[in-house]
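The structure appears right after this line, and notes come after that.
Each value in this text was obtained by applying a stated rule to the coordinates, not by laboratory testing. Computed from a prediction, not measured in an experiment: that's the story for all the values here. Don't worry about glycine lacking a Cβ; one is built from the backbone with ideal geometry, like all the others, and counts go over all protein chains shown.
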Amino acid sequence: MKNFAKSKINPDLKYVYSENNALSIVFQSNELLLGVLGEFNNNLKELEKITNTSIYSRGNSILLKNTPEKNELIKNAIQFLVDQFLNNGSLEKKDIESSVNKFMIDEKVTNKSGNIEYIIKTPKKSVIPRSEKQKNYIRALKESDIVISAGPAGTGKTFLAVAVALTMLLEKKIERIILSRPAVEAGERLGFLPGDMREKVDPYLRPLYDSLYDLLDFEKIQKKIEVGDIEIAPLAFMRGRTLKNSFAILDEAQNATDTQIKMFLTRIGENSKIVINGDPSQIDLPNKTISGLNRSKKLLGHLKEISVVDFDHTDVVRHPLVSKIVKAYSDKNSD
């Protein structure tokens, strides 16, 4: 889709400034314009809602009638959406939110060339950081041997780590990806699970599969799992191994004990990276005090080879309500 879109669609935009702070963005391709506008102009309406601005569709143009500062913001956002459409062949609602967040993080981010190092390009989509902490997290994933991240659901901890790992695998910088989770029930008793070992543990590991399928075609992921380029296994299976030329991710680490996290971290071998992710507010262990995530941050955060990244509700990139829910529960627990 990516190559097809680029070869068939004229990506050029023309900017026409006129009196009363009006700016027209003229598209050379109707297909590109329709892709950016969305069905029934829904993308444009969402962009208006997020930015509290006035945006109009006129023929082959998008017309802006706001302050010069807001016009510049919308102009950059639309260019972002154009790039996303050309890269991915379609736009999602989260792309609309990203198009604005990308240019509101700080003044530096408005310089597109200065943000290019944080873009993760995978075969199915380009992944863009949506907060300053996500930028720091991506930098840490690329530069540090070990990364420990903690924060609420929806902040991109697992997805971004999987995206960086996948690009390193496809670029042959590593030989395999290892994705692991503690097999701990989330406050429910699931009882007896039928099937072989893989069928028994797959329900615990499903979110890791979902991240992979979002970044690479299903068939290609399955092939890489079959040949061992990608391994998905419970934490208990990591004991006694040495991980060389690998990118290993321990997800839901708040449900791992201090001993288990130490065991996972000490698996690191030559040319390898290890990432520990978790949400301290969602510990499912029977005894919450034995969770090792926060202890690992305190013990290891001073080491220069190890990066620690703490996310909060402002970094949530799922539905806007998720951020509000996370903050509400956080405020309640602090009372």
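Which of the residue pairs Lys135/Lys244; Lys133/Lys288; Lys273/Lys327 have a Cα-Cα distance greater than 29 Å in the structure shown?
With Cα atoms farther than 29 Å apart: Lys273/Lys327.
Go through Lys224/Lys298; Lys223/Lys262; Lys14/Lys65; Lys157/Lys304 and tell me which ones have a Cα-Cα distance over 25 Å in this structure.
With Cα atoms farther than 25 Å apart: Lys224/Lys298; Lys223/Lys262.
Please state, as a whole number in µm²/s, the translational diffusion coefficient that the Stokes-Einstein equation yields for the range 26-99 at 20 °C and 1.002 mPa s, with Rh defined as the Kirkwood radius across alpha carbon pairs.
This corresponds to a translational diffusion coefficient of 176 µm²/s.
Ranked by Cβ crowding within 10 angstrom, fewest neighbours first, how are Thr158, Thr53, Thr314 ordered?
Thr314, Thr53, Thr158
Using the beta-carbon distance between Thr242 and Glu219 and R0 = 30 Å, what value does 1/(1 + (r/R0)^6) give for FRET efficiency, to the nearest 0.05?
Result of the calculation: an efficiency of 0.45.
For Asn60 and Asn287, what is the calculated FRET efficiency with R₀ set at 51 Å and r taken between the beta-carbons, to the nearest 0.05?
Computed FRET efficiency for Asn60 and Asn287: 0.20.
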